[in-house]
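Taking it in order: structure first as structure tokens, then the write-up.
The values are calculated or read from the model by the stated rules, or taken from the named source; none is laboratory data. Here the structure is a predicted model, which means the values were calculated and not measured. Cβ placement follows ideal geometry from the backbone for every residue including glycine, while neighbour counts extend to all protein chains displayed. Note: areas computed on protein heavy atoms with side chains; ligands, DNA, RNA excluded. Shrake-Rupley method; radii C 1.70, N 1.55, O 1.52, S 1.80 Å.
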Amino acid sequence: EVSAVPPLFPHQEVTVQKLRESPILFDLSEPGTGKTRAHLQAFWERRQNGDGPALVLAPKSILKSSWGKDVERWTPGMTY
């Protein structure tokens with residue numbers, strides 16, 4: 001059973017809206033503010049509209065453990 005994904009926080013909605021307006025955004029939000037989730041949401045929306053893949057630049061040590069876990073949690077239909 002897949003649980004429902006809770007709604008974004010208001011500051012995450014702002015990030016998603018900015019990403020809807022421009023595919024390029026240098027997000028300097030503080031650690032722990034939900035950047036990954038906001039960016040995954042925006043990317044998921046783009047993929048649903050037929051856009052291609054995304055490139056995530058991050059230390060290899062956190063890619064699978066952090067991003068992979070968040071992909072599975074926030075965008076369960078997306079592969080990585």
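Things to note:
- Residue list for the stretch 14-32, filter: open to solvent by less than 80 Å² (accessible area, probe 1.4 Å) and either modelled with pLDDT of 90 or more or more than 13 Å from the chain's Cα centre (by Cα) (or both): Thr15, Val16, Gln17, Leu19, Ser22, Ser29
- The stretch 1-13 - residue that is of a type outside the set (D, E, K, R) and exposed (fewer than 12 other Cβ atoms within 10 Å of the Cβ) and, of those, modelled with the lowest pLDDT: Val2
- When the stretch 41-64 is limited to residues that are surrounded by 11 or more Cβ atoms within 10 Å (Cβ to Cβ) and touching a Lys or Arg at 6+ places or on another chain (Cβ under 9 Å), the one that is modelled with the lowest pLDDT turns out to be Ala54.
- Considering residues of the stretch 65-80 that are closer than 24 Å to Leu28 by Cβ and open to solvent by 50 Å² or more (accessible area, probe 1.4 Å) only, the residue farthest from the chain's Cα centre (by Cα): Ser65
- Looking across the stretch 1-49, the residues that are among the aliphatic types (A, V, I, L, M) and either farther than 18 Å from Arg73 by Cα or in a helix (DSSP H, G or I) (or both) come down to Val14, Val16, Leu19, Ile24, Leu25, Leu28, Ala38, Leu40, Ala42.
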